[in-house]
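Participant: Dumping the structure here so I can ask a few things about it.
The values are calculated or read from the model by the stated rules, or taken from the named source; none is laboratory data. Please read all numbers here as calculations on a predicted model, not as lab measurements. Note: ideal-geometry Cβ built from the backbone for every residue, glycine included; neighbour counts use all protein chains shown. Heavy atoms of the whole protein, side chains included, go into the accessibility calculation; ligands, DNA and RNA do not. Shrake-Rupley method; radii C 1.70, N 1.55, O 1.52, S 1.80 Å.
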Amino acid sequence: MYMLVENRTSSHLHLKRSPGIRSWSLFVGIASIGLAAAYYSADSLAWKLFYVAGCFFVAAQNLEQWEEAVFDKNKGTVCLKTFNLYKKILTFSKGGNEQVVALLKEIRDVNVEEETVRYFGKGYLVVLRFVTGFSHPLTQSAVLGCRSDVEAVAKLITSFLELDRVGSQQDLSQSSETEASDADESQDKY
């Protein structure tokens with residue numbers, strides 16, 4: 001699953017993502033190696049603690065991030081938050097939380113992008129495109145193989161922000177402007 005809908009109203013959309021089963025399996029596997037090494041070794045207590053702490057540290061490094069996206073029409077902002085356990089441990093709980101805040105009116109498009117993940121194939125993620133030309137991914141990591149889940153999230157965001165209606169209204173206004181200018185040109189010729 002790419003992102004889950006935590007809360008959805010007409011003015012508020014809250015999406016969440018937490019580490020998946022692959023990430024947790026890797027975490028438990030690496031941490032188990034440290035526990036097994038400590039349990040079965042004949043080394044001193046200091047070495048056993050080093051085995052456990054070292055493997056837990058590596059396991060935490062490979063754990064995916066917790067991510068949230070909060071679209072709030074009342075405030076007119078989108079807030080993208082990430083929480084990383086590895087950074088939290090490294091900075092003694094001072095870091096690990098990152099937050100990006102942008103204005104909703106500056107988002108002009110929501111796309112699904114494909115990125116190649118070494119050894120695993122293709123991954124997909126949602127990218128927010130802003131009026132300024134800046135692009136920002138909705139999540140920091142791509143999901144492998146489930147393009148339909150990612151497209152569903154992109155469609156949900158597009159409909160919540162009413163970008164599909166804005167695009168069709170702009171197309172209609174542009175076509176009416178060109179028809180009016182074509183009519184003016186034809187009158188000028190006669």
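Participant: Which ³J(HN,Hα) values in Hz, rounded to whole numbers, follow from the phi angles of the stretch 56-67 under the Karplus curve 6.51 cos²θ - 1.76 cosθ + 1.60, where θ = phi - 60° and Gly and Pro get x?
Facilitator: With coefficients 6.51, -1.76 and 1.60, one gets 5, 5, 5, 5, 5, 5, 8, 7, 5, 8, 8, 9 Hz.
Participant: Label 7 Å along Cα→Cβ of Val127; the stretch 1-36 residues with amide nitrogen under 20 Å?
Facilitator: Only 2-3 fall inside the zone, counting backbone N under 20 Å.
Participant: Setting aside same-chain residues fewer than 8 positions from Lys73, which lysines have a Cα under 21 Å from its Cα?
Facilitator: Within the straight-line cut-off, Lys73 pairs with Lys16, Lys81, Lys105, Lys155.
Participant: Which percent of the accessible area of the stretch 13-169 is formed by carbon and sulfur heavy atoms (probe 1.4 angstrom)?
Facilitator: Heavy-atom surface of the stretch 13-169 belonging to carbon and sulfur, 1.4 Å probe: 59 percent.
Participant: Under a 1.4 angstrom probe, counting protein chains only, how are Thr9, Thr116, Thr82 ranked by accessible area, largest first?
Facilitator: Thr116, Thr9, Thr82
Participant: I would also like to ask the following. On a 1.4 Å probe surface of the protein chains, which of Ile21, Ile30 comes out largest in accessible area, and what is the full order?
Facilitator: Result, largest first: Ile21, Ile30.
Participant: Pop the C-beta distance of Phe50 and Glu6 into the FRET formula with R0 = 25 Å and round what comes out to the nearest 0.05.
Facilitator: Efficiency at R0 = 25 Å is approximately 0.05.
Participant: Leaving out ligands and nucleic acids, and using a 1.4 Å probe, what accessible area per residue does the stretch 2-73 come to in Å²?
Facilitator: That works out to 60 Å² per residue.
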